[in-house]
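Comments concern the structure below.
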Amino acid sequence: MAENDEMTARQLQAVLMNKTNVSLSIATIKKTRRKLGWRCEGTRYCQLIRQPNKVDRFHYALTCIRNKENFCNVIFTDECTIELDHHARISFRKLDEQPKLKPRPKHPVKVHVWSGISRTGSMPIVIFDGIMRTDFYINEILGKAVIPYARLNYPNGYRFMQDNDPKHTANATKTFMKDNDIYWWKTPAESPDLNPIELVWHQLKDYLRRFHKPHTKDELICGIKTFWTTNMTPELCQTYISHLRKVIPAVIRREGKATGY
């Protein structure tokens, strides 16, 4: 089991027979496996992180600990794709009823969103279709969203967190950021667990599925705006950012590997 934690009881039975010529029942194998401390659970997936980025994540976390980082002037940003989905992840039925099959389209309607959070609250959310190009990112995101928000909330300076997407690293973007005093606070690649806005996207999708339940694109957009104006309070943003107090030590314990957060 230590070598292959996906091996079933029937597979273990075959291995024992082939290697030791010992025949055990499936029930005996399952009982013994439980006594040895093995439990069956669903496979948990995480971000794939390459070795160089594990090293970067480890040193980043150490730096945060040593500097007693509280992210007081960091603006965490990201974009996300939101699909039209009006069914919750679980549902209930009575024992004497047939399972309720809920239809799901092969190619659901979707929109893209971009926003950011800091300890002062959330930024305006930008909703758009198609692929975000460099010029759109510079004009609509940096120019019309980031700069006004930062000047209002952080007149004495701030750190701007974005990932390593090509439009973020384009020369035109770098030039615009330099000319407008946008300090890009670089963080390790392949590290969604170090960006608390990922928790916001999870809550947004859950809200749409469970409560708003949109059936059209217009209803989807309306639900996104409703969530953003009613749920995204400064207190909630601070809660998500404070979650990094759990993530940072976990990165160190796991030597840069994915934390599961």
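Given Cα pairs under 8 Å that are at least 6 residues apart, what percent is the relative contact order of segment 71-163?
On the way: 100 pairs, mean separation 37.2, N = 93.
Dividing the mean separation by the residue count of segment 71-163 yields 40 percent.
With θ set to phi - 60° and the Karplus curve 6.51 cos²θ - 1.76 cosθ + 1.60, what are the ³J(HN,Hα) couplings of segment 177-189 in order, to the nearest whole Hz, using x for Gly and Pro?
My calculation for segment 177-189 gives 5, 5, 5, 10, 6, 8, 8, 7, 8, 6, 10, x, 5 Hz in order.
Short version: ³J(HN,Hα) in whole Hz for each residue of segment 76-93, in order, from phi by Karplus 6.51 cos²θ - 1.76 cosθ + 1.60 (θ = phi - 60°), x for Gly and Pro, what are they?
Rounded to whole hertz, the list is 8, 10, 5, 10, 8, 9, 10, 9, 6, 8, 10, 10, 5, 6, 10, 8, 10, 8.
What relative contact order, as a whole-number percentage, does segment 1-130 give when Cα pairs under 8 Å and 6 or more residues apart are counted?
Working: 87 pairs, mean separation 23.6, N = 130.
So the answer I get is 18 percent.
Loop-only check: which trypsin sites (Lys or Arg not before Pro) in segment 45-97 are DSSP coil with at most 13 other Cβ within 10 angstrom? Before the final figure, lay out the partial values.
Numbers: sites: R50, K54, R57, R66, K68, R89, R93, K94; in loops: R50, K68, R89, R93, K94.
Of the trypsin sites (Lys or Arg not before Pro), the ones in loops of segment 45-97 whose Cβ has at most 13 other Cβ atoms within 10 Å are R50, K68, R89, R93, K94.
Can you give the extra length, in nm with one decimal, that the chain gains between N156 and T229 once fully stretched, where that is 0.36 nm per residue apart less the Cα-Cα distance? Could the numbers behind the result be given before it?
On the way: separation 73, 0.36 × 73 = 26.28 nm, distance 2.66 nm.
Additional length available on full extension: 23.6 nm.
Give the calculated FRET efficiency between A189 and H212 to the nearest 0.05, with a Förster radius of 25 Å applied to their Cβ-Cβ distance.
Values: r = 33 Å, r/R0 = 1.34.
My answer for the efficiency is 0.15.
How high is the FRET efficiency from D5 to E83, r the C-beta distance, R0 22 Å, rounded to 0.05?
Values: r = 32 Å, r/R0 = 1.47.
Calculated value: 0.10.
Taking Cα centroids, how far is segment 182-261 from segment 93-171 in Å?
If you average the Cα positions of each part, the centres end up 10 Å apart.
I'd like the orientation of helix 9-20 relative to the chain: the angle between its Cα long axis and the longest Cα principal axis, in ° from 0 to 90, rounded to 10.
Approximately 60 degrees, to the nearest ten.
Give me a comma-separated list of calculated 3J(HN,Hα) values for segment 229-235, in order, Karplus coefficients 6.51, -1.76, 1.60 applied at θ = phi - 60°, integers in Hz, x for any Gly or Pro.
7, 9, 9, 7, 7, x, 5
Rounded to the nearest 0.05, what FRET efficiency is calculated for Q203 and K106 with R0 set to 41 Å and r the Cβ-Cβ distance?
Values: r = 26 Å, r/R0 = 0.65.
Approximately 0.95, to the nearest 0.05.
At 0.36 nm per residue, minus the direct Cα-Cα distance, what do I26 and I147 gain on full extension? Give it in nm, one decimal, please.
Details: separation 121, 0.36 × 121 = 43.56 nm, distance 6.42 nm.
Between I26 and I147, full extension yields an extra 37.1 nm.
Excluding residues on the same chain fewer than 8 positions from K174, give the lysines whose Cα lies under 18 Å from its Cα.
K144, K186
What are the residues whose amide H is under 5 Å from the amide H of R159, where those residues sit 5 or more places off or on another chain and H is modelled from the backbone?
Under 5 Å from the amide H of R159 lie the amide H atoms of V74, I75, each far enough along the sequence or on another chain.
Counting only protein heavy atoms and a 1.4 Å probe, tell me what percentage of segment 58-157's accessible area is made up of carbon and sulfur. Kindly include the intermediate steps, with their values, before the conclusion.
Numbers: 3420 of 6290 Å².
Whole-percent figure for carbon plus sulfur exposure: 54.
Round to the nearest 10 and give me the degree value, 0 to 90, for the angle of helix 197-207's Cα axis relative to the longest principal axis of the chain.
Rounded to the nearest ten degrees, it is 70.
So, with +1 on the Cβ of K and R and -1 on the Cβ of D and E, and no other charges, what is the size of the charge dipole of segment 193-261 about its Cα centre, to the nearest 20 debye?
Details: 11 positive and 7 negative charges, 43 e Å.
With Lys and Arg at +1 and Asp and Glu at -1, about 200 debye.
Contour minus end-to-end for K257 and F128, with contour as 0.36 nm per residue of separation and end-to-end as the Cα-Cα distance?
Working: separation 129, 0.36 × 129 = 46.44 nm, distance 3.33 nm.
43.1 nm is the gain from fully extending K257 to F128.
The values are calculated or read from the model by the stated rules, or taken from the named source; none is laboratory data. Note that the structure is predicted; figures quoted are calculated from it, not measured. A quick note on method: Cβ atoms are made from the backbone with ideal geometry, for glycine too, and the neighbour counts reach across all protein chains shown. In case anyone asks, the SASA skips ligands and DNA or RNA and just uses the protein heavy atoms, side chains included. Shrake-Rupley method; radii C 1.70, N 1.55, O 1.52, S 1.80 Å.
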